[in-house]
Amino acid sequence: VCDAVAHAHRHLVVHRDIKPGNVLVDRDGRPRLLDFGIAKELAVEWGGDVAGGAATRALATPDYAAPEQLAGEPITTAADVFALGVLGYELLTGRRPWTVTALPLAHAVRALLDTPPPVPSAVTEAAPDRPVVPRDLRGDLDAILLQCLRREPDRRYASVEDLARDLRRHLAGEPVKARRATAAYRAGHFVRRYRWLVGSV
C-alpha cells in the first residue's frame, strides 16, 4: 500500500482518503489502492479556497483524515502518511487511535490536536480480541505508528518511501529511524538478528 501511495506522490497526486474500504487484496495477496475520487494534484492551490476546503471536509473520512485536512488547511503528502498511520494502527491493534466521525468538525479537529494517540502496544494490553500481541508492537512498531500520527505534518515521515523503508527495516530486524539510535538499541537488534553467531561466540 505504501508503494502504491508513493507512486501517486511521484506523480504529484495526494490520495486524501486512505482507509480500509479503499484497500482491497486480490487472490494473490497483493493490495490494491482504490478510489482516487477526492485525490488532488499537489500543484492545485485548493487549501486556501473556502469551497475547496469545504469539499475536502465533506468527502474525506474523518477518522482517517489528518488534522490539517479536517481544518481545511493546505494538504501535502504528509496527510497520506497520517492516514497510513491510522490504517496501520487499526490493522495492528484492532482499533483506531481516535474516533471523530460523530463529532462536530471543530471538536474533531480539537480531538486530533489536543489528544495524543494511545501507544499501540498499551491499547492491545487490555484488548481480548487483539490481532497482535503487545510485545510484537512494543518498541519499533509503536515508534513507527506514532511518528506517522504526529500532529505537525513536518514531524511525520518526510515521505511515504521513508515510512516503507522503516517498515522494511523492522521486518528485517534492523534498527528503525523512528527511534533514537542509542548504542543499546543497536546492540539489541544486532544480537536478535545474529543470535546464533553471538551465542556461539
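Structural remarks
- Contour minus Cα-Cα distance for Arg138 and Ala102 (0.36 nm per residue): 9.9 nm
- Treating r as the C-beta distance of Leu171 and Ala122 and R0 as 35 Å, the FRET efficiency rounds to 0.95.
- Accessible surface, 1.4 Å probe, highest first, among residues Glu73, Glu68: Glu73, Glu68
The values are calculated or read from the model by the stated rules, or taken from the named source; none is laboratory data. Bear in mind the structure is a predicted one, so any value in this text is a computation, not a measurement. Every residue, glycine as well, gets a Cβ built from its backbone with ideal geometry; the counts of neighbours run over all protein chains shown. Note: accessible area is taken over every heavy atom of the protein model, side chains too, but ligands, DNA and RNA are not part of it. Shrake-Rupley method; radii C 1.70, N 1.55, O 1.52, S 1.80 Å.
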